[in-house]
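Chemist: Dumping the structure here so I can ask a few things about it.
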Amino acid sequence: MARSAAQGRGRLSSFDLLPPECDPLIAWAAQELTNRDRTQTDIYAEFIERCEALMAEHRGELEFPIPSFSSFNRYSL
């Protein structure tokens, strides 16, 4: 059976799977990438720190896998 176009592109990315509480972090990273003032590696390192701080702030009630650098790279494109 052929896959119809209405089914979408398939598997969701690790960014698509992040909880809504991460939306401000994703928006921040996208803005930083757009500014082109810092390296992608530097932005990713701070993104990890901010994700870890968000999880710590919720004291175990919010846990999620942090996207890998390769996923971050694909997102930046």
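The values are calculated or read from the model by the stated rules, or taken from the named source; none is laboratory data. This one's a predicted model, so the numbers in the text were calculated from it and none came from an experiment. Just so you know, the surface numbers come from the protein's heavy atoms only, side chains and all, with ligands and any DNA or RNA stripped out. Shrake-Rupley method; radii C 1.70, N 1.55, O 1.52, S 1.80 Å.
Chemist: Going by the conditions given, is PHE47 modelled with pLDDT under 95, among the hydrophobic types (A, V, I, L, M, F, W, C), assigned to a helix (DSSP H, G or I) and open to solvent by less than 70 Å² (accessible area, probe 1.4 Å)?
Modeler: No, not satisfied.
Chemist: With more than 15 Å from PRO20 (Cα to Cα), of a type in the set (Asp, Glu) and assigned to a helix (DSSP H, G or I) as the only criterion, which of ASP42, ASP37 stands out?
Modeler: From the options ASP42, ASP37, the qualifying one is ASP42.
Chemist: Of the conditions (1) open to solvent by less than 90 Å² (accessible area, probe 1.4 Å); (2) under 14 Å from the mean Cα position of the chain (by Cα), GLN31 clears all except one; give me its number.
Modeler: (1)
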